[in-house]
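*Asks:* Structure provided below as structure tokens; questions to follow.
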Amino acid sequence: MSKYQFTITDPENTVKTHRKDAKVSFKNTRETARMIVGKSIAKAERYLNAVIKKERCVPMRRYARGVVNKAKVIHGRTYRAFGRVNAFDKHPCHIQIIGVAQKEGVPMISEEEKQNMIKA
């Protein structure tokens, strides 16, 4: 079991998952996560589908070392022509996703009630 960066206060309305050593770019993962944080699942899904269809993009706003939990570098080799061998390193990352069900929102008030509040 892994440690989560987020303290879960309501386990009945919270889901969590994690993936260790995911073979994805930690830079792209960080930027994608920043774009969907705070959105509902439906909005995040629509946004990610639009990115896949190349209708929207994920802006690269910031990149600093150590922002995303980097996994251990996987060293490998690429075999080339004429007996040459080059280094081929993979840089996976750890991903944690936590979803919390939102409580019901406050109902909107009418224009008349707004005016009464302003006058009072």
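*Asks:* Output the number of residues of the range 96-114 satisfying the condition of being under 21 Å from Ala42 (Cβ atoms) and loosely packed, with under 10 Cβ neighbours inside 10 Å.
*Replies:* 7
*Asks:* Only one of (1) in a loop (DSSP other than H, G, I, E, B); (2) farther than 12 Å from Val100 by Cβ is not met by Ile8, so which one is it?
*Replies:* For Ile8, the failing item is (2).
*Asks:* Can you find a residue in the range 19-38 that is out of contact with any His (no Cβ under 9 Å at 6 or more places or on another chain), at pLDDT 85 or above, more than 29 Å from Thr7 (Cα to Cα) and surrounded by 10 or more Cβ atoms within 10 Å (Cβ to Cβ)?
*Replies:* no
*Asks:* Inspect all residues belonging to the range 64-82 and state whether any of them is at pLDDT 80 or above, surrounded by 12 or more Cβ atoms within 10 Å (Cβ to Cβ) and outside any loop (DSSP other than H, G, I, E, B).
*Replies:* So far as the range 64-82 goes, no, none of its residues is at pLDDT 80 or above, surrounded by 12 or more Cβ atoms within 10 Å (Cβ to Cβ) and outside any loop (DSSP other than H, G, I, E, B).
*Asks:* Right, another one. Pull up the range 36-47, narrow it to residues that are in contact (Cβ under 8 Å) with a residue 12 or more places away in the chain and touching a helix residue (DSSP H, G or I) at 6+ places or on another chain (Cβ under 7 Å), then point me to the one that is farthest from Pro92 (Cα to Cα).
*Replies:* Tyr47
The values are calculated or read from the model by the stated rules, or taken from the named source; none is laboratory data. Because the structure is predicted, anything quoted here is derived from the model rather than measured. Every residue, glycine as well, gets a Cβ built from its backbone with ideal geometry; the counts of neighbours run over all protein chains shown.
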